[in-house]
Amino acid sequence: MELVGQTAELRFRQVLAEGAGNAGSLLSAVDTKTAAPSTLPAGITPALNSAYAALDCSLPENRQGGGGDTPDAAIVSCSRDGISKYILAPAEVLGNQVSKASAAIDQQGASGWYVMLDFNGEGTKKFGEMTTRVTGLASPQNQAAIVLDGLVVSAPRINEAINSGSAQITGSFTQVEASDLANVLKYGALPLAFDRGEVQQVSPTLGASQLHAGLLAGALGLLLVILYSMIYYKGLGLVSVGSLLVAAAIVVLAFLLLGKWIGFTLTLAGIAGAIVAIGITADSFIVYFERLRDEVRDGRSLRTAVETGWARARHTVIIADSVSLIASIVLYFFAVGGVRGFAFTLGLTTIVDLFVVFFFTKPLVTLLARIPFYAEGRALSGFSSKSLGIAPSASTQSASKEA
């Protein structure tokens, strides 16, 4: 959130003076007996010097930023950490003139992480003019400050004129610091100033209770699907139970691995996506099971019905899961916030559903079709005449009457 708040007014300004965050007047370091403007460094007026002396960057309230600085005027500014403060010349390059910025690491040298940036045509010209002018000046006036939202992000020394439209910022950055600075340069061209309108804090206890409630809802949903499968499909429901458990194990493993590899965190929205996926997975089983039972009603043997039913059902399963996958992809790329977590989880579990149906459910049904209990359509197999809703054969009816 802090990084988003930084993408405001970006300027490149020449440094006229630099000192400690709580330093006093520049005159005290030059001449304690006179306040004549001639004793000040070039480009610094008495008014700027007074503002510089009055600014204490060690105080947090003086490092709030907020933008609003005039590009054409010199300013007094703090570094973001409050260690240094600066007098800066009018802005010469603006953020909307930066076309690209990225963090990189020096693979061959020892300079570590640095930031590469490219300017557009106008930015290339202005940055070239500024670097050409300041290269031969004494420190700190040979530095170019990167000012974001009124605060100095970095103030690198210009070692040579840069007319190529590309520049490299070094400074013993860590990977995080280099990435943050690159993002600031990349997205800091917005002519906006961000105000914090509302802040909501959720206690760990409340967050944990919501997470537990979500997990409980998922467990109850899974249990209800299992109960329905066992009651309606009887012995065939074991396939549903096994498939759901395998799918759940794969999803949990995927969550753990993604958490380790990319820092994935399971949110309430993600749990909602996983709960919805239980229904999607159950739909795949129902489509196949109903197609299978239709084939048996038509007089085919169970072993034959397993193959013919699968050939007809898999097309429907693929189409249905493809629709869910497309919807999750669209949501992920066009939505924000928690909706993206929902979309990511829904897409992941949809892929798991396809994998389980093809490589577990169907092979398991093929195996069960060879067992006499299922092949002969016994009472609790799910393929009995009563379960299929068909009348007993004539021979069966006569046998019953004789008995």
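The values are calculated or read from the model by the stated rules, or taken from the named source; none is laboratory data. Just so you know, these numbers come straight off a predicted model, no measurement behind them. Backbone-built Cβ (ideal geometry, glycine too); neighbour counts: all protein chains shown.
If a residue must be basic (Lys, Arg) and modelled with pLDDT under 75, how many such residues does region 142-194 contain?
1
In the set Thr349, Thr281, which member is modelled with pLDDT of 90 or more and among the hydroxyl-bearing types (Ser, Thr, Tyr)?
Thr349
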Matching entry among Gly279, Gly270 (being of a type outside the set (Lys, Arg), closer than 27 Å to Leu348 by Cβ, over 24 Å from the mean Cα position of the chain (by Cα) and in a helix (DSSP H, G or I)): Gly279
Residue identified as touching a helix residue (DSSP H, G or I) at 6+ places or on another chain (Cβ under 7 Å) and farther than 18 Å from Leu268 by Cα among Leu346, Leu331, Leu325: Leu325
Residue in region 196-210 that is surrounded by 15 or more Cβ atoms within 10 Å (Cβ to Cβ), in the same structural domain as Ile280 (by TED's automatic domain parsing) and either at pLDDT 80 or above or of a type outside the set (Asp, Glu) (or both) present: no
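Name the single residue, out of those in region 293-335 being more than 30 Å from Arg378 (Cβ to Cβ) and in contact with a Ser or Thr (Cβ under 8 Å, 6 or more places away or on another chain), that is surrounded by the fewest Cβ atoms within 10 Å (Cβ to Cβ).
Result: Ala320.
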One residue from Phe344, Phe360, Phe285 being in the same structural domain as Val239 (by TED's automatic domain parsing) and under 18 Å from the mean Cα position of the chain (by Cα): Phe344
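Which of the residues that make up region 71-93 are farther than 12 Å from Gln14 by Cβ and not in a loop (DSSP other than H, G, I, E, B)? Spell out how you get there, then give the answer.
Narrowing region 71-93 to residues farther than 12 Å from Gln14 by Cβ: 71-73, 76-85.
Selection gives Val76, Ser77, Cys78, Ser79, Ser84, Lys85.
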Residues (within 29 Å of the chain's Cα centre (by Cα) and surrounded by 16 or more Cβ atoms within 10 Å (Cβ to Cβ)) located in region 229-267: Leu244, Val246, Ala247, Ala248, Ile250, Val251, Ala254, Phe255, Phe264, Leu266, Thr267
Test: residue in region 103-122 that is in the same structural domain as Glu18 (by TED's automatic domain parsing), small (Gly, Ala, Ser) and within 30 Å of Ala47 (Cα to Cα): no
Residue count for region 56-105, restricted to those that are surrounded by 18 or more Cβ atoms within 10 Å (Cβ to Cβ), of a type outside the set (D, E, K, R) and closer than 22 Å to Val134 by Cβ: 18
Residue in region 371-402 that is modelled with the lowest pLDDT, counting only those that are in contact with a helix residue (DSSP H, G or I) (Cβ under 6 Å, 6 or more places away or on another chain) and in a helix (DSSP H, G or I): Leu388
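Could you tell me whether Ala101 is in contact with a Pro (Cβ under 8 Å, 6 or more places away or on another chain) and assigned to a strand (DSSP E or B)?
no
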